[in-house]
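Take a look at the structure set out below.
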Amino acid sequence: MTDWNPRMTVLTVTPNPSLDRTYEIPVLGRGSVLRADGDRVDPGGKGVNVSRAVAAAGHRTVAVLPLGGPEGALLAQLLGDLGVEVTGVPVRGSTRVNISLAESDGTLTKINAAGPDLDGDESRVLVDTIAAEAHRHRASWLVCCGSLPRGLDDQWYATLVARARSAGVRVALDTSGPPLRAALAARPDVVKPNADELAEAVGCPLATVGDAVKAAEDLRTAGAGAVLASLGATGQLLVDAGGAYFATAPVASVRSDVGAGDASLAGFLAAGGARAEALVSAVAHGAAAVQLPGSQMPSPDDVRPEAVTLAAHVPLDLPLSHNVNGAVR
Ligand SMILES: O=P(O)(O)OC[C@@]1(O)O[C@H](CO)[C@@H](O)[C@@H]1O
């Protein structure tokens, strides 16, 4: 297990959290009644998962999230059971339920619901709560993650990142599309796209690791301090002020890649949030997560940094491999 900074408090923000229900089925037959071999429900949403991975390693984290309806109450209870401190902002709409259909050949079909529609007051209370919690807990990192629910505009993360940065709090951001682009100018310390999100952010497809390096440099030019990119089975890439680093880890079999990127980000921050040693920790956490069911986060016993290979040179010509879903996540 990586060296954790014992004084570190990671405050996560998940504006559109979820209950993640996973059904394990032999094969997905459209239009038929399917019987699940197994099912599980996990607390979900990207920031929630980062908090779970941080808590699983026995360290301090607080998850700030809007909570609504019986689903919101269950989400808070599940997080409490896992030892994650929650600061919930009550909202009128119900917390969403996202569904994963995991086939035995590794194919995963995911349905993410839209989630509640936050009104202006709920949005303001959420931002003020985040600021108050960051101050109260002397947060070392503010980790802003996931899609925005209806009612929060594309500038929402940008405003939050700027506010945190001016208060001296380091910010990690994992989102995509217009909210990511809008927030770059607020200079987040690190952004964590997967390959598809990186390609979307720069507006062109990525075929090789070299293309990903170039795209990451473009995001840095636009304002990101560092770019931690998860490139699916190909490996992970870190581009920061010191240069570019690339690392891989062996994976015996992929059970579910849901939340693997979130586990990686938790591992990255835990190991200091900068340079090659943090990348090694990110890769070790991501490799552990894909071998676990649903969006289960790895415990320290699952994480094997000694199995990670840090490349002496970034393999610029290496093609990006696609998973069975056709995505590079
Ligand atoms: O709809 P978003 O916010 O983009 O993603 C939500 C989600 O797919 O992300 C997590 C995995 O990273 C899951 O726990 C959750 O269901």
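Coordinate-derived values only; no laboratory data. Keep in mind the model is a prediction, meaning the values are calculated, not measured. Don't worry about glycine lacking a Cβ; one is built from the backbone with ideal geometry, like all the others, and counts go over all protein chains shown.
Within 10 Å of each residue's Cβ, count the other Cβ atoms and sort 181, 52, 124 from fewest upward. Working shown, then result.
Working: 181 19, 52 28, 124 11.
Least to most surrounded, the residues fall as 124, 181, 52.
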Seminar exercise, completed: Length gained, residue 132-residue 99, 0.36 nm per residue minus C-alpha separation, equals 8.6 nm
For this session: For residue 33 and residue 117, compute 0.36 nm times the residue count separating them, minus their Cα-Cα distance, and round to one decimal in nm.
Result: 27.1 nm
Seminar exercise, completed: Under a Gaussian network model of the chain whose springs join Cα atoms within less than 10 Å, the largest fluctuation of 49, 16, 98 belongs to 98
Exercise. Which of the lysines could a cross-linker bridge to residue 46, judged by Cα under 22 Å and excluding same-chain residues fewer than eight apart?
Worked result: 110, 192
For this session: Name the residue, out of 146, 273, 210, whose mean-square fluctuation peaks in a Gaussian network model built on the chain with Cα pairs under 10 Å.
Result: 210
Exercise. Taking the simple approach of a point 7 Å from Cα along Cα-to-Cβ for both residue 187 and residue 310, what is their distance in nm?
Worked result: 2.7
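Over all directions, the average projected area of the alpha-carbon convex hull for region 10-310 comes to how many nm²?
Directional mean of the projected Cα hull area for region 10-310 stands at 14.9 nm².
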Exercise. Anyone know which of 51, 295, 253 comes out most mobile in the 10 Å Cα GNM of the chain?
Worked result: 253
Seminar exercise, completed: Taking every DSSP bridge whose two residues both lie in region 49-134, the antiparallel percent to the nearest 5 is 40
Problem set entry | Potential extension, residue 275-residue 204 segment - 0.36 nm per residue separation minus Cα distance | 22.9 nm
